[in-house]
Amino acid sequence: MQEHALTERLITYDTSTLEGIQSAAGFIKGWLESRDVDATQAVHNGRPVITATVGAAEAPDAPTIVLHGHLDVVPGRPEQFVPRLEGDRLFGRGAYDMKGGLAAMMCATRDLAAQRAVRVHFVCVADEETDEAVQRGSDWAVEQGFVGDFVITGEPTDMHIGVQSKGVLALRIEVRGKAAHGSTPWLGDNAVLKAIDVFRRIETMPFARESSDLFDRPSISLGRIVGGDALNKVPDSCVIDVDLRYLPGQDPDSILAQVREIPDVEVEPIFQREPAIVRRDNPYVRMLAAAIHEGATAEKISVGRDGASDAISWLDAGMPAVEFGPVGAGHHGPEEWVSVSSLERYREALVRFVHSIPAAGRKEHLRVAAP
C-alpha cells in the first residue's frame, strides 16, 4: 500500500521544527508533481502552504470538495521520528495526528485527478499545532480561494465523521503571592502552590460540569507553569497556561469572566477558536457516511471531537467542514500509532465519496442553507 510507505516517509521528518517542516513540504510537493498533479508551495507567516487542484478544475459550476491536512506535529523524542511497525500498528510522531491521514489524502488526490465531474482542492498547512491566534495557514488558504461546497480535514476520528468539535479558550494566568526566605515559608504566600489551587478551582467551576449529546464534559488542561526565581525564596509570582476546550453552546466570555473572579490573579486570553458544528443531515455528510460504510448513516457514525481543528477556518467562511481520519490512538503521546489497514480504507472512502457526488444530483440540490 502506497499510503503505508508514504506515512513512514512523512514520519521521518521532524516537523515540530521549521527545518523539518520545510523539508517535508518539499517532499510532498515533489511527490504530487511526480504523479502529474500540479502543486504550488506558498509561504505564509514563514511556513509553507501546499495546494493543488485536480478534477474539474476549469468548470466553474462543478461541485467542489476541499481535502485539508497539516504536516506539523508537536515535539517528540528522537526515536519517535523513526517509524516502527508492529502488526497493523505503525508507530511514530504524527502517525495518527495526522501524517497517516495526510498521506492517504495525497493518494486520494492523485486518484481523483483523472475524473472531470468534481473539483478537488488539496490543502496542506504547517501551523495547525501552533499557538498562532490569527491568520493561520488555513485562514490564508480560504482567502486565496481554496473553498468549496464541503471540506474534509483529516484529523483522527477512527473512520467516524466529526460533526462537532469543542472550542478553544487558552488562558495565561498570573498568580500573585508574597515573597519570603525559603527557611521561613510560613511568612510568605507561595504563588506556585496558589497557582495549582487556581487550576483546581477552574476544574470545579459550573461550566466544567456541563455536558451535551456528543460530549461528556469540557476539557481542562494545565499546559505550562513557570514560577520562582531562586531556590531559597518563596515565589511571589507564578504564570500558568490553561487549555480550556469548551462545548458547543457554551459562552467563552462567560467562562473567562468566571476565571477572572478568582482572587489574586490576572487573566489574559492567548488563543480562542469557536466550536465546530455541522448538521448531520447535510447531504455531503450523508454521502460521506455511505462512502465510509455501506448502509451507514450519518446519525450512526457521527461523533464529537474533543480537539479543535482548522476546519473552523472554512466554517467561519460559511462552508460545512467535518473532521474525518483513519484509525489509531495516542496522538501527542509517547506511543502514537495509526492502523495501516485503515489508511487504505480511508483513501478508498475519500475516492468513493467524491465519485458519488455527481450521481446525487445537480450542485444546487446539494447546497444547504447553513453548515
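Confirm whether S183 is part of a loop (DSSP other than H, G, I, E, B) and at pLDDT 95 or above.
Criteria met by S183.
With respect to R136, is the statement that it is under 19 Å from the mean Cα position of the chain (by Cα) and either modelled with pLDDT of 95 or more or of a type outside the set (A, V, I, L, M, F, W, C) (or both) true? Break it down stepwise before answering.
On the way: under 19 Å from the mean Cα position of the chain (by Cα): yes; either modelled with pLDDT of 95 or more or of a type outside the set (A, V, I, L, M, F, W, C) (or both): yes.
Answer is yes for this residue.
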Q) For segment 226-238, what are the residues that are hydrophobic (A, V, I, L, M, F, W, C) and buried (at least 16 other Cβ atoms within 10 Å of the Cβ)? A) V234, C238
**Q.** Wholly enclosed strands (runs of 3 or more DSSP E) of segment 72-147 bearing at least 2 residues surrounded by fewer than 18 Cβ atoms within 10 Å (Cβ to Cβ) and not hydroxyl-bearing (S, T, Y)
**A.** 84-86
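Against the condition assigned to a helix (DSSP H, G or I) and in the same structural domain as G325 (by TED's automatic domain parsing), how does E299 come out, does it pass?
Working: assigned to a helix (DSSP H, G or I): yes; in the same structural domain as G325 (by TED's automatic domain parsing): yes.
Criteria met by E299.
Can you pull out every residue in segment 283-299 that is touching a helix residue (DSSP H, G or I) at 6+ places or on another chain (Cβ under 8 Å), under 21 Å from D213 (Cα atoms) and not small (G, A, S)?
Start the filter on segment 283-299 by keeping residues that are touching a helix residue (DSSP H, G or I) at 6+ places or on another chain (Cβ under 8 Å), which leaves 283-293, 296-298.
This time we only want the ones that are under 21 Å from D213 (Cα atoms), so: 285-286, 289, 296-298.
Within segment 283-299, V285, R286, T297 qualify.
Yes/no matrix, rows are residues, columns are (1) buried (at least 18 other Cβ atoms within 10 Å of the Cβ); (2) hydroxyl-bearing (S, T, Y); (3) more than 29 Å from H160 (Cβ to Cβ):
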position	(1), (2), (3)
G223	no, no, no
D253	no, no, yes
D264	no, no, yes
P269	no, no, yes
D306	no, no, no
W314	yes, no, no
Q) Can you find a residue in segment 43-50 that is over 21 Å from the mean Cα position of the chain (by Cα) and modelled with pLDDT of 95 or more? A) no
Q) Residue check: is T109 more than 14 Å from the chain's Cα centre (by Cα) and free of Cβ contacts under 8 Å to residues at least 40 places away in the same chain? A) no
(Q) Restricting to segment 1-50, and then to whatever is touching a Phe, Trp or Tyr at 6+ places or on another chain (Cβ under 9 Å) and of a type in the set (F, W, Y), can you tell me which residue is surrounded by the fewest Cβ atoms within 10 Å (Cβ to Cβ)? (A) F27
Q) Within segment 267-296, which residues are more than 27 Å from Q135 (Cα to Cα) and not in a loop (DSSP other than H, G, I, E, B)? A) P283, Y284, V285, R286, M287, L288, A289, A290, A291, I292
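In segment 346-354, is there at least one residue being of a type in the set (G, A, S) and more than 16 Å from G69 (Cβ to Cβ)?
No; the residues of segment 346-354 include none that is of a type in the set (G, A, S) and more than 16 Å from G69 (Cβ to Cβ).
Quick one: how many residues across segment 154-173 are over 24 Å from W337 (Cβ atoms) and touching a Ser or Thr at 6+ places or on another chain (Cβ under 6 Å)?
Keep residues of segment 154-173 that are over 24 Å from W337 (Cβ atoms), which gives 163-164, 167-173.
Filter again for touching a Ser or Thr at 6+ places or on another chain (Cβ under 6 Å), leaving 163.
So the count comes out to 1.
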Q. If you go through segment 202-221 one residue at a time, how many are buried (at least 17 other Cβ atoms within 10 Å of the Cβ) and of a type in the set (K, R)?
A. 0
(Q) Taking the criterion of being out of contact with any Ser or Thr (no Cβ under 9 Å at 6 or more places or on another chain), crowded, with 17+ Cβ neighbours inside 10 Å, in contact (Cβ under 8 Å) with a residue 40 or more places away in the chain and not hydrophobic (A, V, I, L, M, F, W, C), would at least one residue in segment 174-189 satisfy it? (A) yes
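Do you know which residues across segment 321-343 are in a loop (DSSP other than H, G, I, E, B) and crowded, with 24+ Cβ neighbours inside 10 Å? Even if it seems obvious, please write down each step before you answer.
Applying the first criterion (in a loop (DSSP other than H, G, I, E, B)) to segment 321-343 yields 324-327, 330-336.
Of everything in segment 321-343, those that are in a loop (DSSP other than H, G, I, E, B) and crowded, with 24+ Cβ neighbours inside 10 Å turn out to be F324, G325, P326, E336.
The values are calculated or read from the model by the stated rules, or taken from the named source; none is laboratory data. None of these values were measured; they are calculated from a predicted model. Quick reminder, even Gly has a Cβ in these numbers, built from the backbone with ideal geometry, and neighbours come from all protein chains shown.
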